Amino acid sequence: MKYMMLVCVDESVELSPEEGAQVGPATEAWVEEMDGRGIRLEGSPLRPVSDATTVSVRGGEVMIADGPFAETKEQIAGYDIIDCADLDEAIEVASRHPVATFGKIEVRPFWVE
């Protein structure tokens, strides 16, 4: 079953210099492991919310707004699409992501008809 992993981080979180230096290599190791296991199908970090544009259409008029669609402390920092046997495996994969130690990982199955 395919799952979307949304990697969420409060942009105000400040990591120590040591923690910050470990995030990149730890994430690269996670990617390498999940790619090697054939679980991770795709993924990418996202630009900061200051670069986001929200689009909506109301009464036939296209409306745009700078920033994310919701006012929240945590923002989507990246995503991964994973293919797991079941939710238990998806949770195991998400729990191993380095950002889970200071952010949150939302795991959501794809809609299958």
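The values are calculated or read from the model by the stated rules, or taken from the named source; none is laboratory data. Keep in mind that this is a model prediction, so the values were computed, not measured. Because the Cβ atoms are built from the backbone with ideal geometry, glycine has one as well, and the counts that use them run over all protein chains shown. To get the accessible areas, we keep the full protein, side chains included, count just its heavy atoms, and leave off ligands, DNA and RNA. Shrake-Rupley method; radii C 1.70, N 1.55, O 1.52, S 1.80 Å.
In segment 1-26, how many are open to solvent by 100 Å² or more (accessible area, probe 1.4 Å) and without any contact (Cβ under 8 Å) to a residue 60 or more places away in the chain? Quick ask: steps written out before the conclusion?
As a first pass, look at segment 1-26 and keep what is open to solvent by 100 Å² or more (accessible area, probe 1.4 Å): 1-2, 11, 14, 17-18, 22.
From what is left, the residues that are without any contact (Cβ under 8 Å) to a residue 60 or more places away in the chain are 14, 17-18.
Residues in segment 1-26 being open to solvent by 100 Å² or more (accessible area, probe 1.4 Å) and without any contact (Cβ under 8 Å) to a residue 60 or more places away in the chain: 3 in total.
Residues are listed down the side, and each one gets a yes or a no for (1) touching a Pro at 6+ places or on another chain (Cβ under 6 Å); (2) open to solvent by 80 Å² or more (accessible area, probe 1.4 Å); (3) among the aliphatic types (A, V, I, L, M); (4) at positive phi:
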residue	(1), (2), (3), (4)
E28	no, yes, no, no
R47	no, yes, no, no
A52	yes, no, yes, no
G60	no, no, no, yes
I76	no, no, yes, no
I82	no, no, yes, no
A85	no, yes, yes, no
E92	no, no, no, no
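Are any residues in segment 90-113 farther than 20 Å from A26 by Cβ and touching a residue at least 12 places away in the same chain (Cβ under 8 Å), and if so, which ones?
Filtering segment 90-113 for residues farther than 20 Å from A26 by Cβ gives 108-113.
Of everything in segment 90-113, those that are farther than 20 Å from A26 by Cβ and touching a residue at least 12 places away in the same chain (Cβ under 8 Å) turn out to be R108, P109, F110, V112.
Can you tell me how many residues within segment 54-113 are of a type in the set (A, V, I, L, M) and touching a Leu at 6+ places or on another chain (Cβ under 8 Å)?
At the first step, the residues of segment 54-113 found to be of a type in the set (A, V, I, L, M) are 55, 57, 62-65, 70, 76-77, 81-82, 85, 87, 90-91, 93-94, 99-100, 105, 107, 112.
Still in the list and also touching a Leu at 6+ places or on another chain (Cβ under 8 Å): 76-77, 81-82, 105, 107.
Of the residues in that region, 6 qualify.
Limited to segment 30-56, what total is found for residues that are out of contact with any strand residue (DSSP E or B) (no Cβ under 7 Å at 6 or more places or on another chain), without any contact (Cβ under 8 Å) to a residue 24 or more places away in the chain and not in a loop (DSSP other than H, G, I, E, B)?
Total satisfying the criteria: 5.
Sort through E74, E89 and tell me the only one that's charged (D, E, K, R) and under 14 Å from the mean Cα position of the chain (by Cα).
The conditions single out E74.
What's the number of the only condition in (1) of a type in the set (A, V, I, L, M); (2) more than 26 Å from W111 (Cα to Cα); (3) in contact with a Gly (Cβ under 7 Å, 6 or more places away or on another chain) that L15 fails to meet?
It fails just one condition, (3).
Just checking, which of A94, A90, A100 is out of contact with any strand residue (DSSP E or B) (no Cβ under 7 Å at 6 or more places or on another chain), closer than 21 Å to R40 by Cβ and either in a loop (DSSP other than H, G, I, E, B) or not acidic (D, E) (or both)?
Of A94, A90, A100, the one residue that is out of contact with any strand residue (DSSP E or B) (no Cβ under 7 Å at 6 or more places or on another chain), closer than 21 Å to R40 by Cβ and either in a loop (DSSP other than H, G, I, E, B) or not acidic (D, E) (or both) is A100.
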